[in-house]
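Derivation of every value follows stated rules applied to the coordinates shown; laboratory data play no part. Bear in mind that the values here come from a model prediction, so they are computed numbers and not experimental data. All Cβ positions, even for glycine, are placed from backbone atoms using ideal geometry, and neighbour counts span all protein chains on display.
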């Protein structure tokens, strides 16, 4: 049986998710921020974390965006193969972003061309990642991505000889180069394997994994913990003014790769790591 | 906590020390990448800037749209280092202070020392909270840039940290060293 979903329902849902994601921090990120504020031993860092906790509450209560950089709208769509979309699917997503950002008073941060740089004034286009999945449902995630942190993200094609140590060194180097710029405490998404473009998408998808969820593979669960400790030992701290809390959470997504390669990508995100999901 | 009012005097700027927390009131102007590029174009062409930079403070910020009944939308700082290549020119034209987030390069720090200017950090991402410290917003020029237009803000006690002072001391280096020192003990 083919289930029909209208393009207008996609548009309405995307518009709602854009606004929701920008006003309400996901529960896991919120909890991690509160926990960090309690656990931070360095007083100046604790003061900054307290401000971030306060800001998150003000945004929720006053229906204002948590951060003024309401990002580029990254949309993950898992479309069931037994679904028929009545209308133009991608156009429906872009229209949802347009409505969400215009009607929701979110900042329009997109330029139509990277070199000629004229603002599109409605935050379109969205960046869309679609996967065809079994079933008759459509799951939409809107993940607004600010560029203070996006600019600090990096990708490297390491050699197999670099191994685990090479990946660790690259992550740490990325964090040190980012320093105070990406609004630490940061959240890190690490992609390992695949090829050039897949590893970047893996890193972005790793940012969507709940911070309190351990990697199902014990090898990577251990590596995540090890990297998190190493990142928090850098002393960069909240906003880069020193402290224990440099990173709220880190996830790794790994995929098969070529015998000659070891791609690694680090997508740096901030303490406002936003995403909102709905299944139709 | 020390309270200051912008525009700032040279004496104000010289008296501040890296790591100090202050509350800033008064008038500041927003300008980010695109507005900086236009200002530099004007200066290259020998034309006047839309604002007299003498003693002024620039806030690297692009707020969200203002909702009805409020003076301003969410307004936090953007990453300052992107402005580094353009900052020394503006410091040469009298700019006294900058508000942003993250560190600055050595060329900016040297120009700050030369001209007696100060760099403040606002807490990045705390944009809803900072909106409550802005009482008025007026677009001054380049409305076509949308969030990147130059806006005049009236501030009431915006909480800031002196990130780099006019002597070149850097609160990021000092803070991280202090934490690592305390963590070893």
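Descriptive notes on the structure:
- Choice from B:112, B:130, B:86 with maximal GNM fluctuation in chain B (Cα, 10 Å cutoff): B:86
- Fraction of antiparallel bridges per DSSP, the protein assembly as shown only, in percent to nearest 5: 55 percent
- Tail beyond 26 Å, pair distance distribution of the stretch B:2-184 (Cα, percent): 26 percent
- Calculated mean residue ellipticity at 222 nm for chain A: -13000 deg cm²/dmol, from DSSP H runs with n ≥ 4 weighted as -39500 (n - 2.57), summed, divided by the residue count and rounded to 500.
- Across peptide B:129-136, the mean count of Cβ atoms from other chains lying within 10 Å of each residue's own Cβ comes to 3.
- Packing rank of B:116-126, A:173-183, A:226-236, where each peptide gets the mean count of other beta carbons within 10 Å, highest leading: B:116-126, A:173-183, A:226-236
- Residue by residue along A:38-45, Cβ atoms of other protein chains within 10 Å of the local Cβ number 3 on average.
- With the convex hull of the Cα atoms taken as the outline of the stretch A:148-273, the averaged projected area works out to 6.7 nm².
- Euclidean distance between Cα centres, the stretch B:10-83 to the stretch A:193-230, Å: 38 Å
- Relative contact order, whole percent, for chain B stands at 30, derived from Cα pairs under 8 Å and 6 or more residues apart.
- Principal axis analysis of the Cα atoms in the stretch A:165-214 yields extents of 30, 26, 19 Å, listed in decreasing size.
- Taking only the Cα atoms of the stretch A:142-185, the ratio Rg/Rh comes out at 1.07, with Rh defined as the Kirkwood radius.
- Global size of the stretch A:183-254 as Cα Rg and Dmax, reported in angstrom: 12.5, 36
- Efficiency of FRET from Cβ geometry, residue A:39 and residue A:159, R₀ 45 Å, rounded to 0.05: 0.75
- Shielding of B:168-177 by partner chains, average beta-carbon count, 10 Å: 5
- Over the protein assembly as shown - Rg/Rh using Cα atoms and the Kirkwood inverse-distance radius: 0.98
- Residue among A:14, A:66, A:58 with the largest mean-square fluctuation in a Gaussian network model of chain A, springs linking Cα atoms under 10 Å: A:58
- Per residue, the convex hull spanned by the Cα atoms of the stretch A:112-160 measures out at 170 cubic angstrom.
- Shape analysis of the stretch A:75-209 places it in the oblate category; the axes a ≥ b ≥ c from the Cα gyration tensor give an a/c of at least 1.5, with a/b not above b/c.
- Scattering curve values for the stretch B:66-172, log₁₀ I(q)/I(0), Debye with Cα scatterers, q = 0.11, 0.22, 0.23 Å⁻¹: -0.37, -1.26, -1.31
- Over the residues of chain B, the helix contribution to mean residue ellipticity at 222 nm works out to -8000 deg cm²/dmol, using -39500 (n - 2.57) for each DSSP H run of at least 4.
- Measuring nothing but how far apart in sequence close Cα pairs (under 8 Å, 6+ apart) lie, relative to its length, the stretch A:1-133 scores a relative contact order of 36 percent.
- This ranking places B:78, B:66, B:135, A:124 by how few other beta-carbon atoms lie within 10 Å of each, fewest first, which gives B:135, B:66, A:124, B:78.
- Residues A:12, B:114, B:148 in ascending order of nearby Cβ atoms (within 10 Å, fewest first): B:114, A:12, B:148.
- Theoretical FRET efficiency, 1/(1+(r/R0)^6), r = Cβ-Cβ of residue A:118 and residue A:63, R0 41 Å, to 0.05: 0.85
- Extension gain, residue A:90 to residue A:277: 0.36 nm times the residue separation minus the Cα-Cα distance gives 65.6 nm.
- If both residues of a DSSP beta bridge must be in the stretch A:148-273, then about 55% of such bridges are antiparallel.
- Residues B:98, B:39, sorted so that the one with the fewest Cβ neighbours within 10 Å comes first: B:39, B:98
- Between the stretch A:105-184 and the stretch B:126-185, the C-alpha centres lie 24 angstrom from each other.
- Working from Cα pairs under 8 Å separated by at least six residues, relative contact order for the stretch A:137-273 is 42 percent.
- GNM on chain B, alpha-carbon springs under 10 angstrom: the most fluctuating residue among B:97, B:55, B:105 is B:105.
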